[in-house]
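Remarks on the structure that follows.
The values are calculated or read from the model by the stated rules, or taken from the named source; none is laboratory data. Note that the structure is a prediction, hence the values are computed from the model and not measured. Here the Cβ is made from the backbone with ideal geometry for all residues, glycine too, and neighbour counts use every protein chain on show. What goes into the accessible areas is simple: the full protein's heavy atoms, side chains included, and nothing from ligands, DNA or RNA. Shrake-Rupley method; radii C 1.70, N 1.55, O 1.52, S 1.80 Å.
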Amino acid sequence: MSTPIPNIAIIGAGPVGLMLAAILHRNGIQAKIFERETSATVRAQGGTLDIHAETGQRALAAAGLLPAFKKISRPEGEATRVVKKDGTVLLDENEQERDPRVGDGEEEEQEEGGGEEGGRGRPEIDRTDLKDLLIAALPQDMIRWGKGISSVTPVPGTQQWKLEFIGSDSTTTSSADDSESGPYDLVLGADGAWSRVRPLLTDAKPLYSGVSALDVWISPAQLAQRPDVAAFIGRGSCMLLSEDRFLSLQRHGDGSARAYAMVRTSREVCGAVPGAETLLGLDRDGGEGDDNDDDAAVVDWTDAKTRERFLDRYFGDYAREARDAVLAMTQQPTLRPLYMLPVGHRWEPRPGVTLLGDAAHVMTPFAGVGVNVGMMDALELAEGIVAYVKRLGEGEGEGGKGDLAEMLRDYENGMFERSRKDAALTARMLEIEFGEGGPEKVVEIMSGGGPSS
Ligand SMILES: Cc1cc2nc3c(=O)[nH]c(=O)nc-3n(C[C@H](O)[C@H](O)[C@H](O)COP(=O)(O)OP(=O)(O)OC[C@H]3O[C@@H](n4cnc5c(N)ncnc54)[C@H](O)[C@@H]3O)c2cc1C
């Protein structure tokens, strides 16, 4: 045994890795986070996330961050419009009298004068704001920015692991790298869909879901000039569904707005991205071996003709207001082919290493649960580690690697079961949303008519 208190490396400072670190830190447990990106602001972070009362908000509460979350999250962002492609409005929660409000079951955590109960208990928060909230809760030196992991290797004769960093090799490794590279008792992979930790546990790779999303947006200043676009989206989001196409428009906390213009390019779930390498000549982004989310547009999206060509091709039969909203979104786009791990995917446990968040179970966004499942992973894994360390402090248990391996196995068993249900629900929602009668079915589901996980 090397050291009784486990030496912990968290790989990835996405919302899930940060959530895990924040709960551990609140419980006095040290860990290092290694993040490939050089800072939290190095690239645009994308859209808004709805944080659910029964999952994501529970994790935030465990980190002591629920009151702060409530101050910056947007209950009004829950207001949804569901519109048919011809412009017929099937649901408009903006017109309902009461605002959707947070219902979190954590009354003791609510700030004084906090909102009344109601809504679906899923307030929205910009991804940037969520990450900033979590980063601010951590000591500054806890996150090693710009330290991407290239591989994780076992230390012979132990149950420990060493890290290798992108851009360094055994002949050029600096002493700083040496001190960071381990050994670690726990390597916790929160490094997203294209995880470098995952191959230690499984050969599975994410599969193309058949759907690609063109992610475009409008700046706060531009949106202020377009009250028609703001009104069309409403206070939260607007969904326009039809067979094989889905226009999802959403408002953000910083006054900007975004559209995911999604096209089903294949009805099969498969490894390759048939016919979706480009949508209108835009290079793809976010696929295998391309886990850097840099914008990859090779067309001039600022040119109105480009935007019109895209809309004519994929959304030519959509209502004028919907097309106008996307036309107004002139900021350089990102193409996101959407990937998923097989529903029910699992692996055999291995001492000292596990996965959480998208690294463990990346799914498409069609049930809006991805980050919430990941935050529950963070909560349950942190609880396991905290209990393990507490047992050590009380002199209980073997205090050895056996206990640690058992803790990881228990975490994984719970996580596999939970995420399987969410992945299955997500896969069903994809079929519903891109199928015949999608708008009507979505309204029925939102009115409490299932499906549920
Ligand atoms: C278009 C879209 C819309 C979505 N909408 C919603 C929604 O409304 N609600 C919801 O719940 N979920 C939504 N999701 C899903 C949600 O975004 C993900 O589930 C969530 O971001 C997963 O968080 P994560 O921390 O596990 O992974 P990520 O957010 O991918 O973070 C992984 C981190 O690891 C870092 N990293 C990667 N490789 C390495 C390496 N080798 N070394 C070090 N660091 C590394 C990355 O830079 C990144 O910071 C959406 C997803 C998409 C694509």
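Some observations on this one:
- Residues of segment 73-89 include none that is near the ligand (Cβ under 9 Å from one of its atoms) and in contact with a strand residue (DSSP E or B) (Cβ under 9 Å, 6 or more places away or on another chain).
- Look at segment 300-325: where a residue is crowded, with 19+ Cβ neighbours inside 10 Å and a partner is modelled with pLDDT under 90, sitting 6+ places away or on another chain with Cβ atoms under 7 Å, you get TRP301/GLN332; TRP301/PRO333; ARG307/TRP301; PHE310/LEU280.
- Just one residue in the set THR128, THR173 is at pLDDT below 95, touching an Asp or Glu at 6+ places or on another chain (Cβ under 9 Å) and within 15 Å of the ligand (Cβ to nearest atom); that residue is THR128.
- Annotation: LEU338 fulfils all but one of (1) in a helix (DSSP H, G or I); (2) touching a Ser or Thr at 6+ places or on another chain (Cβ under 8 Å); the unmet one is (1).
- Residues in segment 60-80 that are open to solvent by less than 20 Å² (accessible area, probe 1.4 Å) and closer than 26 Å to ALA213 by Cβ: SER73, PRO75, GLY77, GLU78, ALA79, THR80.
- Pick from segment 32-67, criterion among the β-branched types (Val, Ile, Thr) and not in a loop (DSSP other than H, G, I, E, B), ranking: farthest from the ligand (Cβ to nearest atom): ILE33
- Leading residue by the ranking (nearest to the ligand (Cβ to nearest atom)) among those in segment 375-394 that are part of a helix (DSSP H, G or I) and either in contact with a His (Cβ under 6 Å, 6 or more places away or on another chain) or farther than 21 Å from GLY352 by Cβ (or both): MET375
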